[in-house]
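Following: one structure in structure tokens, then a few remarks.
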Amino acid sequence: MNAANEFLGTGRRKKAIARVRLAQGTGTITINGRAFEQYFPLESYRTQASQPLATTETASKFDVHVNVVGGGPAGQAGAVRHGIARALLAVDPAYRPALKAEGLLTRDPRSRERKKYGQPGARKRFQYSKR
């Protein structure tokens, strides 16, 4: 693969960061050097991660190589989805309306809320006792 035929995209979700490279190919997806089905054994994660390819009907046109770090499997699947959507935008700006309609270009801002002092968790309070 040379750099002229590669398209890059960075996706983020919670603490996960995915660096995506798209190249002309047959539709194989590799994540951290492992097969897509092996890395995401649950069908729901695979569906979520490959949603941009399904939306733009380009699943068999590109080989996808992903490096993803941080977070858990759900956050990583979301980060891969965001990264693939951004890389597809670099391939062809005409994909933008379809991707935007599905909400695939928006970085999901929801993240873990920090624990506050004087209480056991982010929202939970210690039990109140009048006496």
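Just so you know, all these numbers are worked out from the coordinates, no wet-lab data involved. These figures come from a predicted structure and were not determined experimentally. Virtual Cβ from ideal backbone geometry, glycine too; neighbours counted across all protein chains shown.
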Legend entry - Close pairs (9 angstrom Cβ cut-off, 6 or more residues apart or separate chains): within 10 Å of Ala85 (Cα to Cα) in the range 99-113, in a loop (DSSP other than H, G, I, E, B) anywhere: Leu99/Leu105; Lys100/Thr106
Inset, instruction - Take the residues in the range 17-60 that are in contact with a strand residue (DSSP E or B) (Cβ under 6 Å, 6 or more places away or on another chain) and among the small types (Gly, Ala, Ser), then tell me which one is nearest to Pro73 (Cα to Cα). - result: Ala18
Inset, instruction - Answer yes if at least one residue in the range 90-98 is in a helix (DSSP H, G or I) and in contact (Cβ under 8 Å) with a residue 60 or more places away in the chain, and no otherwise. - result: yes
Legend entry - Number of the exception - Gly33 against (1) over 15 Å from the mean Cα position of the chain (by Cα); (2) on the phi > 0 side of the Ramachandran plot; (3) in contact (Cβ under 8 Å) with a residue 60 or more places away in the chain: (3)
Legend entry - Given (1) surrounded by 14 or more Cβ atoms within 10 Å (Cβ to Cβ); (2) touching a Ser or Thr at 6+ places or on another chain (Cβ under 7 Å); (3) of a type outside the set (D, E, K, R); (4) not in a helix (DSSP H, G or I), number of the condition Thr26 does not satisfy: (1)
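Residue by residue through the range 83-106, note down the ones that are surrounded by fewer than 13 Cβ atoms within 10 Å (Cβ to Cβ) and within 25 Å of Ile31 (Cβ to Cβ).
Taking the range 83-106 as the starting set, the residues that turn out to be surrounded by fewer than 13 Cβ atoms within 10 Å (Cβ to Cβ) are 92-94, 97, 101, 103, 106.
Asp92, Gly103, Thr106 - these are the residues of the range 83-106 that are surrounded by fewer than 13 Cβ atoms within 10 Å (Cβ to Cβ) and within 25 Å of Ile31 (Cβ to Cβ).
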